[in-house]
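Report on one structure; see the data block that follows.
The values are calculated or read from the model by the stated rules, or taken from the named source; none is laboratory data. Treat the numbers as computed from the prediction; the structure is a model and nothing was measured. Reconstructed Cβ throughout: ideal geometry from the backbone, glycine too, with neighbour counts over all protein chains shown. Side chains are part of the model used for accessible areas, which takes the heavy atoms of the whole protein and leaves out ligands, DNA and RNA. Shrake-Rupley method; radii C 1.70, N 1.55, O 1.52, S 1.80 Å.
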Amino acid sequence: MNNDFETLSVVDLARHYGRRKALSQVNFTCGAGDIIGLLGPNGAGKSTLLNILATLISPSRGRVEYGNRTAAEGGAEVRGRIGMLGHDLFLYPELTARENLVFFAQLYGLPDVRAVAQASLARAGLADRGDDLVSGFSRGMRQRVALERALLHEPRLVLLDEPFTGLDQASTASLVARLRERQQAGCILVMATHDLDVADGLLSRAIYLKNGRLVGTDSDSHGLSERYRLAIQ
Amino acid sequence: MTKLNPLLIGLSAVMLGAAPWMIDRAPYESTMGLVQKVFYFHFPSAILFLVAALICGVASAIFLFGKRPRADGWAIAAAELGLLFGSLTLVTGPLWARKAWGVWWVWDPRLTSSLLLWMIFSAYLLLRRYGGPGSDKLGAGMALFGMANVPFIYVSVNVWRTLHPQTSVVPTLPTDMGLPLWYCFAAFTMLFIALLNLRARLEHQRARVEALYLAEDEA
Amino acid sequence: MISDFFRVAWHVMRKDLTVEVRSKEVLLTTLFFAVSVVLVFSFAIVREGRAPDDVAAGILWVAVSFSGTLAMGRTFERERYNDTLRALLLAPSDRPAIYTGKLLGLLVLLALVEMVLVPLVGLLFNAPVLAFPGTLAALLVLGTVGFSAVGTLFAAMLVRVRSRDTLLPVLLYPITIPVMIAGVRGTAALFQETPDLPMAQFWIGLLIVWDAIFITLALWTFEPVMTE
C-alpha cells in the first residue's frame, strides 16, 4: 500500500492559543512497533499533541510527517491509517455496541461490516452483549468497545488518550495484551497516560512533557516513575 | 503605508473640522430644509459601510482558503469600521426620515438593508469577542456568508417592500450633489483608510508579539 | 469519489435517524416548541377571537426558524457529548460528507415537524394550505434547506465554543433573513384572498439561487473551519 507509512516524525512542533503555549518545540521520531508514552502532568500538552497527530488540530508551527507526507498532503488517505481512542471514548450511548461498530466500519468503507463488527465484539469479550445499548455498559466495557472501534480499520498509527483511566486490573491486563498484539502487528502506538505503573515495562519510549515542552525522553523501559519525577521536576 | 497614516489623519481632521462651513455654504434645499444637510455625512458613511463589508469578506476568504494569517487583521479591522460607519449611517438615516416621513423609522428598503448588514457585522464581532480560541476561523466563515448575502438582502428587501403601496411620497434628493458632498466623501475616505490601516496594524503587531513570545524558547 | 461522498453522508444521516428513532427527544421537543411558538404568537395578535389577515405565513415561518435552531443545536450537542464529532472528522472521507449527512438528518426531522405545523397553522388561522400544495411544499422545502444548510455549518463550527447556545441564533438569524423574507412573502402570496402565483414563483426562484450559493459555500468552508 503506497498510502501507508512506517515512520512518524514530529518536527519542531508548536501550537499556541493566543498567548497560551500548549506545545512548543516538540521533536521526535518513531517507527513501526514502537509504543510511545506521553507523560506529564495535567496541562502539559499531551492531548493537544495527540489531537495534532490525529490531524484534528493544525499546528501553529512545525509539521508532522506520516512517512514522507504531512496531513495536509495526505488528506483522507493519511486519516484512514489513524485510529484514535479519545478520552471521551467516541461512542454513541443511544446505539448498541454492534451498531456503533457497524456505523464506524461503514464510515471507513470496510467490506462486510457485520463480520468485522462481530469479530471486534468477540475481541472485546462482548460477543453476547453486542445488542445492548452502550449507555448501559460499565466504564470497562465501554472502554473495550471504544478500543475495538478505534482499531476497526487496522490503523497503522494508534493514538490513545488516557486509556487506563477507570479500569480494573483484569481490564487493564487485557488492554495491555491487546496493545502488545498491535505492537507485534507493526503499529505505531502513541499514548498519553498518567498511569506510570501500567506504562512501566510496556513503553518502548517515554516522552516527558511539561508546560508544552519536551523535557526529556528515554527508552529504558523500567523504573519509569523514578525517572518521571526527575524529568518533570 | 504606515507613514501615510499621520498625513491621512491630519488631512481628514482638518477637512472634517472645516466641513461645517463647507456644508453651511452649500445651497439650501427648500423641501427638506436644514435636515438635508445630514446627507453630506450620511452618503459617505453608507458607501464606506459597503466598502467595509467587501473588504471584510474578501480578507476573510483569503484568510480561510489562502491560509494567510495577516488577512485576518484586515478582516477584523474592516468589520469594526463597518460597525462604526454603519452606525453613522443608521443614525443619520432616521434623522432624515423624521423630516421626510414624520417618523423616526420606516421600513424603507435601503434603511432595512443597512440595518441587516449592520446586524451581520455585530454578529461577526460578537463571535470574535465571545467565540474563544479558534474564533478567527469561525469568524472568517461567518464573514464570507455575510458578504455573499449582501445582494440577496438588497433584492429581497426591495421586493418585500414594494409589495405594499408607499405610504408617503419619498422626496428625491437633489441631483446636484455638488462640491461639499465630494469634499466630505474625500474626508471620510481618508479617515477610513487611516483607521483601517491602524487597526490592521494593531492586529499584525499583536500577532508579531505572540510570534516573538512563542519564539522565546528557541534561544 | 462521488459515490464515496454520498455513502458517508448516507450513513451519517441514517445513524442520526436511528438515534432519533430510539430517543425521539429532538423530534418531540422540537415539535412541542414549534407548537408553543405558534400559540404564543396567537395570543399576541388575536383580537376579539379573530386573527388579522395575512399573519399565518409569518407565524409559520417564525415557528420553523425557531424550532429549526433548537433542533440544530441539539443534534450537535449529541455529537459533543462523547466527542463523537472528532471521530466523524477522523473518517477517511471528504469532510464535507459529514456535513451533508448531518444536514440531511436535520432536514428529515424538520420535514416531520412541518407536517404537523402547516396543518396546525392552516386550522388556527384559516389559511388555505391546500390551495397550492405543490407551490407551498416547494417554498417550505427550499426555505428549510437554505435555513438548515447555514445552520448546520454554524452549529458544527460552534460545537467547541462555550457560548454556542446563544451564538447560534445570533449568527444564524441575520444571515438567513433573505430566506425568511422569501418564505414569508411567498407563502403569504399563496394564502391571500386572491393568490398571487407569479409572486410565489419569484420567491421560489430567489430561494433556489440562495440555496445553491450557500450550500456551495458551506461545503467549501466546512473543512477549513472544522480544523482547529
- Query: Which pairs have Cβ atoms under 7 Å, sit 6 or more apart or on different chains, and link a residue in region C:1-30 that is within 11 Å of chain A (Cβ to nearest Cβ) and under 9 Å from residue C:97 (Cβ atoms) to one that is part of a helix (DSSP H, G or I) and open to solvent by 40 Å² or more (accessible area, probe 1.4 Å)?
  - Reply: C:9/C:104
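Of the residues in region A:85-101, how many are open to solvent by 10 Å² or more (accessible area, probe 1.4 Å) and not in a loop (DSSP other than H, G, I, E, B)?
Taking region A:85-101 and keeping what is open to solvent by 10 Å² or more (accessible area, probe 1.4 Å), we get A:87-89, A:93-94, A:96, A:98-99.
When the remaining residues are screened for being not in a loop (DSSP other than H, G, I, E, B), the result is A:96, A:98-99.
Summing the residues that are open to solvent by 10 Å² or more (accessible area, probe 1.4 Å) and not in a loop (DSSP other than H, G, I, E, B) in region A:85-101 gives 3.
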- Query: Taking region B:63-79 as the search range and keeping residues that are open to solvent by 70 Å² or more (accessible area, probe 1.4 Å) and either away from every other protein chain (no Cβ under 12 Å) or not in a helix (DSSP H, G or I) (or both), which one is nearest to residue B:208 (Cα to Cα)?
  - Reply: B:70
- Item | Residue pairs meeting the criteria (Cβ under 7 Å; at least 6 apart or on separate chains; first touching a residue at least 24 places away in the same chain (Cβ under 8 Å) and at the interface with chain B (Cβ under 8 Å from one of its Cβ atoms), in region C:197-219; second among the aromatic types (Phe, Trp, Tyr) and open to solvent by 10 Å² or more (accessible area, probe 1.4 Å)) | C:210/B:152
- Note on the structure: Scanning region A:161-179 for residues that are under 26 Å from residue A:81 (Cβ atoms) and without any contact (Cβ under 8 Å) to a residue 40 or more places away in the chain gives A:164, A:175, A:176, A:177
- Query: Going through region C:86-110 one residue at a time, which ones are open to solvent by 20 Å² or more (accessible area, probe 1.4 Å) and more than 20 Å from residue C:217 (Cβ to Cβ)?
  - Reply: C:86, C:92, C:108
- Output for region A:9-54, where each listed residue is open to solvent by 10 Å² or more (accessible area, probe 1.4 Å), touching a helix residue (DSSP H, G or I) at 6+ places or on another chain (Cβ under 7 Å) and in a strand (DSSP E or B): A:15, A:16, A:21, A:25
- Note on the structure: All conditions in (1) outside any helix (DSSP H, G or I); (2) more than 13 Å from chain B (Cβ to nearest Cβ); (3) without any contact (Cβ under 8 Å) to a residue 40 or more places away in the chain; (4) of a type outside the set (S, T, N, Q) are true of residue C:161 except (2)
